[in-house]
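Here's the structure, in structure tokens; my notes come after.
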Amino acid sequence: MTVIVRTVRRYPSHPTAQSGVALLQVLLLGAIFSIMGIQFSQTARDQILIAEQYENRVLGQLAAHSAINELIFFQLSGAFFRVSADIDEQGEEWSSPPSVNLHGEPIKWGDGVTLIVQDLNGLLPLLFPEHFLWQRALHRLNIPPQEVKRYLGTWQDLQDKDTRSWLAGDQEPAALDSGQRYINAYAQNNKVLEWVFNDRREIFKRLNHFSHIHADYSSNLLNVPDTLLEILFEPETGAAIRDLREKGDNSRVLLRELLPNSFDMEELNVANSSKMKVSVSVQVGSSVWQEHRIIHLTPVMKNPFQILVNN
């Protein structure tokens, strides 16, 4: 008896196909990890940028506070001792900082630090529309005389206590044309200017820039900003006033010689006031920090200065 045995040969599956799938899996995983790595790197860069911007903001804020304090103490004493934050570095007496002007010209105070200082007696006083400079400014802005009388009369009526109108024999109306009721009290902010010149928005914007609620009645033309000098005077007179203050000559006699005869010298002075508007801008890297103060110097008081407005 003969037995025939047939053997079945087993052939392996295609090794090339399996290798290709494995390679694709490896490449796919590599791509995923690469994308995740890129995303993590971008997130890290964003976080670093945010941290740098925050640090620059803090440094700018500190530099702004330092500049304002330096200005205040220099105005009070004429000199101060600047101390470095580095304990190994000695301080120095800073008796001659950049030339400080009080008519609003930018002052480079330090690296990336710019100060603008405006003595408030160089601005038009919002509380006193009867001051002759208001009338002159409105005339020079080409507002007709009758309109000037109406604006200033209405403005005074808003702030006086009685209900008598600036027009003889009349009573104040219940409200302005803009709908604002008469407050019959001194203004607390610049809104009164906006109410009065509600029908002349461009005039309001210009006047608002050159006036202040804390400005004293007595004005100092030597502290008037250049743009307001251009409104109040002819070019020759404005240039002469600028030349006088650049020389540091605050002679009342010399100033009188430059002014028209109609100017009331009793409402003018040549001394600086105790109130000033200070703006500081600090650039650190790509970040800019700005602050504004209204400062009242009170050297004879226990507290030598007051911050009237802080924003």
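The values are calculated or read from the model by the stated rules, or taken from the named source; none is laboratory data. Quick caveat, the model's predicted, so the values are computed rather than measured. Neighbour counts are summed over all protein chains in view; Cβ atoms, including those assigned to glycine, are modelled from backbone coordinates with ideal geometry.
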Restricting to region 154-171, and then to whatever is part of a loop (DSSP other than H, G, I, E, B) and touching a residue at least 12 places away in the same chain (Cβ under 8 Å), can you tell me which residue is surrounded by the fewest Cβ atoms within 10 Å (Cβ to Cβ)?
Lys161
Report whether or not Asn208 is of a type in the set (S, T, N, Q) and touching a residue at least 24 places away in the same chain (Cβ under 8 Å).
no
Within region 146-196, track down each residue that is within 28 Å of the chain's Cα centre (by Cα), aromatic (Phe, Trp, Tyr) and over 16 Å from Glu130 (Cα atoms).
Trp195
Of the residues Leu228, Leu268, Leu258, Leu244, which is among the aliphatic types (A, V, I, L, M) and more than 30 Å from the chain's Cα centre (by Cα)?
Leu258
Restricting to region 116-132, what's the tally of residues that are over 30 Å from Asn69 (Cβ atoms) and either touching a strand residue (DSSP E or B) at 6+ places or on another chain (Cβ under 6 Å) or crowded, with 22+ Cβ neighbours inside 10 Å (or both)?
2
If I filter region 172-185 for residues that are among the hydrophobic types (A, V, I, L, M, F, W, C) and either under 27 Å from Thr227 (Cβ atoms) or part of a helix (DSSP H, G or I) (or both), do I get at least one hit?
no
Quick check on my filter: what residues within region 56-71 are over 14 Å from Val288 (Cβ atoms) and more than 17 Å from the chain's Cα centre (by Cα)?
Glu70
Need the failing condition index for Asp249 against (1) of a type in the set (D, E, K, R); (2) over 19 Å from Gln118 (Cβ atoms); (3) in a loop (DSSP other than H, G, I, E, B); (4) within 24 Å of the chain's Cα centre (by Cα), just the number.
(4)
Look through Asp199, Asp216 and report the one residue that is surrounded by fewer than 13 Cβ atoms within 10 Å (Cβ to Cβ), charged (D, E, K, R), modelled with pLDDT of 90 or more and not in a helix (DSSP H, G or I).
Asp199
Scanning region 108-137 residue by residue, the ones that are out of contact with any helix residue (DSSP H, G or I) (no Cβ under 8 Å at 6 or more places or on another chain), modelled with pLDDT under 95 and outside any loop (DSSP other than H, G, I, E, B) total 1
Subset of region 67-89 that is more than 12 Å from Ser281 (Cα to Cα) and of a type in the set (Gly, Ala, Ser) - its residue that is modelled with the lowest pLDDT
Ala85
Quick check on this structure: which one of Leu255, Leu229, Leu244 is assigned to a helix (DSSP H, G or I), more than 30 Å from Ile50 (Cβ to Cβ) and at pLDDT 95 or above?
Leu229
Based on what the data block shows, is Val288 touching a residue at least 40 places away in the same chain (Cβ under 8 Å), surrounded by fewer than 19 Cβ atoms within 10 Å (Cβ to Cβ) and β-branched (Val, Ile, Thr)?
yes
